[in-house]
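In what follows, a structure is listed as structure tokens, so that the remarks can point back to it.
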Amino acid sequence: MIEFAVTDDADQGFAALINDRRVSLRLRYNPTSARWNLDLSIDDLPVLHGRRIVTGVDLLAPFDFGIGVVFAFAVTPGSAADRDALPSGRVRLYHTTEAEIAEALA
């Protein structure tokens, strides 16, 4: 499992090697919608743009990227992925694989 350490910067990026693929995430805060959005590139090719970060949802579920699951978890119950909660750690952003999820549930 990978935790992405979100800071207070309104535009930030992360990179990781996942399933032997270079995965880049870009987070941007949108003040109009008061939400964080996710852009995703795999092997330097943009594949997802502007996906709203919502707690408790696999952000990649509608797509078949083959890189696992990216989700926001509300450490403080009821917290939304807003301007303050992600940088403060009340909501955290993670990547995990299906195998890690199955192992955790077993």
Legend entry - Near-label residues of the range 53-91 by backbone N, under 14 Å of a point 7 Å along Cα→Cβ of Ala106: none
Legend entry - Sulfur and carbon atoms: percent of accessible area, the chain [1.4 Å]: 52
Legend entry - Amide N of the range 1-37 lying under 16 Å from the label point, which is placed 7 angstrom from the Cα of Thr76 along Cα→Cβ: 6-8
Legend entry - Extension reserve of the Glu98-Asp43 stretch, reckoned as 0.36 nm per residue once the Cα distance is removed: 17.8 nm
Inset, instruction - Report ³J(HN,Hα) in whole Hz for each residue of the range 81-96, in order, from the Karplus equation J = 6.51 cos²θ - 1.76 cosθ + 1.60 where θ = phi - 60°; Gly and Pro get x. - result: 7, 9, 4, 9, 5, 5, x, 7, x, 5, 10, 10, 10, 10, 10, 8
Inset, instruction - With only Lys, Arg, Asp and Glu charged, each at its Cβ (+1 for the first two, -1 for the last two), find how big the charge dipole of the range 38-106 is about the Cα centre; round to the nearest 20 debye. - result: 400
Inset, instruction - Give the Cα extents of the range 1-73 along the principal axes, in whole Å, largest first. - result: 35, 22, 21
Inset, instruction - Could you pull out which residues in the range 71-91 have an amide N less than 20 Å from a spot 7 Å beyond the Cα of Met1, following the Cα-Cβ vector? - result: 71-82, 85-91
Inset, instruction - Distance between Cα centroids, the range 1-31 to the range 42-106: provide it in whole Å. - result: 10
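The values are calculated or read from the model by the stated rules, or taken from the named source; none is laboratory data. Predicted model, so just to flag it, every value in this text is computed and none were measured. Note that each Cβ is placed from the backbone with ideal geometry, even for glycine, and that neighbours are counted across all protein chains shown. All accessible areas refer to the heavy atoms of the entire protein, side chains included, with ligands and DNA or RNA removed. Shrake-Rupley method; radii C 1.70, N 1.55, O 1.52, S 1.80 Å.
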